[in-house]
1. Under the rule a/c < 1.5 gives rounded, and otherwise a/b versus b/c splits prolate from oblate, where does segment 115-205 land using the Cα gyration tensor?
2. Give me the distance in nm between label points sitting 7 Å out from Cα along the Cα-to-Cβ direction at A265 and E110, one decimal.
3. Exactly which GluC sites (Glu not before Pro) in segment 261-332 are in a DSSP loop and have at most 16 other Cβ atoms within 10 Å?
4. Gap in Å between the Cα centre of segment 44-94 and the Cα centre of segment 184-205?
5. Need one number: nm distance between label points at L51 and D193, each 7 Å from Cα along Cα→Cβ, rounded to one decimal.
6. Note the per residue figure in Å³ for the convex hull of the C-alpha positions in the chain.
7. DSSP loop (so not H, G, I, E, B), at most 12 other Cβ within 10 Å: list which GluC sites (Glu not before Pro) in segment 162-270 pass both filters.
8. Would you order Y243, Y337, Y29, Y49 from fewest to most other beta-carbon atoms within 10 Å of each residue's own beta-carbon?
Amino acid sequence: MNPILATDPTTTRTCPAGTTPVVFGGCDYLGLSRHPRVIEAATAAAARYGLSTSASRTTTGDTPEHRGLEADLARFLDAQASVLLLDGLTANIAAMQALAMRVRSAVLDERAHRSLFLAAEAAGLPVRTFAHLDPEDAARVARSASGPVVLATDGVFTADGSRAPVRALLDALPTEHCSLLVDDCHGFMVLGDSGQGTLNHAGLAPAGRVVMTTTLAKGLGCAGGAVIADGELVERTRSQSTYVCTTPTPPPLIAAAREALAVNADEPVRRERMRANARLLDRAINDAGFGPTDESTPIFAFWDRDDARMTALRGALLAAGLDVPLIEYPSGPAPRYFRATATAAHTPDQIAALAAALPADR
């Protein structure tokens, strides 16, 4: 394999056959999962706290790291408060359970992440859907509901990187008693002035009727989840949701996430590099005739109507030392499609190699 391709372990994986293709997949957008400072923080916290709190935070399982990260996130996201959950799924469940005290039903983007549907069901909220990325249809469905609703959407959609029109969705709420829930697992650390996410990108913040959930496992490269909102909703989450009696994310990973936030502030070049690489990948995909795509996020979906050609392309890319996942993922733009991601750890030469390996005769 061309040595240009295997320069950073963040962009490669070792296969059973011993090959190490460059991966244009996953969600480590800023390449923080292997950052020396982040790993050092996790190692130090493991020595201090061990690998698990072995109890819920409502009993003996709380640590200064968990409380510190909640304060860090609230400050970073310009919010009153935040509360940590085990992962993005449980963050959505906890947020929906807390919101169920305010609303009577949930109105979801039809292509919203499966966890939002599961969360609404877990909270006992009837679910209706609106057309993908369509605030007018969202307003219509919300107006037809009986009582206040929570309008829920991904901030950035995991399958293809499309962005929700969050300001228009907020305007679509029929009454002041309704809420907007934005699952920003793929916008957090990607969009916004300093990586604060989709809401910040739209000039909004988690406050009042606006609730944000996210994971720490993608843009931050660590693990865990969070609900970020006004103080009242966060306190309700702590007392009346799956947060109660749940063993939290291990302290080493929480300490790592705190350090990853600090690295993000100290190294803005990572976001700049991610965005530059997204522009290069966007051009490569469009030049191959798979467009149009949107370079505003580092996630790209592309496909061919001929499934056999996609299977052949997947094999050709692997043979060239390039791993671009060909997936069947729920709520995607096609039954089967390539999902490619550009990260801060990729090099222009790696993206050029992918561009050269894509077919030029479509």
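Values in this text are rule-based calculations from the coordinates and carry no lab data. Because the structure is a prediction, the values reported are computed rather than measured. Note that we place each Cβ from the backbone using ideal geometry, even for glycine, and neighbour counts take in every protein chain shown.
1. Details: a/c = 1.90, a/b = 1.52, b/c = 1.25.
Prolate is the answer for segment 115-205, as a/c is 1.5 or above and a/b outweighs b/c.
2. With each label point 7 Å from Cα toward Cβ, the separation is 4.4 nm.
3. E328
4. The two parts, judged by their Cα centres, are 21 Å apart.
5. Roughly 4.1 nm, to one decimal.
6. 133
7. Details: sites: E176, E232, E235, E259; in loops: E176.
When the GluC sites (Glu not before Pro) of segment 162-270 are filtered for loop state and at most 12 Cβ neighbours within 10 Å, E176 remain.
8. Working: Y243 26, Y337 22, Y29 29, Y49 18.
The fewest-first ordering by Cβ neighbours comes to Y49, Y337, Y243, Y29.
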